[in-house]
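One structure is given here, and the rest of the page talks about it.
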């Protein structure tokens, strides 16, 4: 039984699995997207997201911690350089897994795993930076909602005199004929 066993062992020993994920993570950082099996992509996602979060804080300690996972100087410098710069405002969810179908050789499900901020098709353009989301606990209307409400009141005020002018006048009582 596998009660409480949340890690996918990928059919490997612990040392082999650790090295596999390290190699996949290094390749993902260098190439920004890789194609692998679906199980490996899902395991890689849980492996690399904490490393990307660590890269936001560019200190010697964080660099050494990440290097202990990746064992690749070029990948660490790329991670703390361009990748950390792009994901600075993102609170999490740095990777995207897209299912591709099955592989003909062994019928394995394949998937594309990519860094979200480096995809120009889905994300914003290269030059634009995403502003961090502003959080508030108070319930208030947004500026767009206030502008919409003001526009509706202005339209209602403009229509009110027009409706009064369009109402047909009451016909006057006919004058009595003099006999």
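Every read-out reported here was derived from the displayed coordinates using simple, explicitly stated rules and does not represent laboratory data. Source: prediction; values computed, not measured. Ideal geometry is used to build each Cβ from the backbone, glycine not excepted, and the neighbour counts take in all protein chains shown.
Here are a few things to note about the model shown:
- Computed from the Cβ-Cβ distance with R0 of 25 Å, the FRET efficiency linking residue 106 to residue 19 stands at 0.70.
- Förster-model FRET efficiency, 45 Å R0, residue 90 and residue 1, C-beta, rounded to 0.05: 0.75
- On full extension, the segment bounded by residue 31 and residue 119 gains 30.5 nm, given 0.36 nm per residue less the C-alpha separation.
- Remark: 56, 134, 99, 40 ranked as 134, 99, 56, 40, counting other beta-carbon atoms within 10 Å and listing the fewest first.
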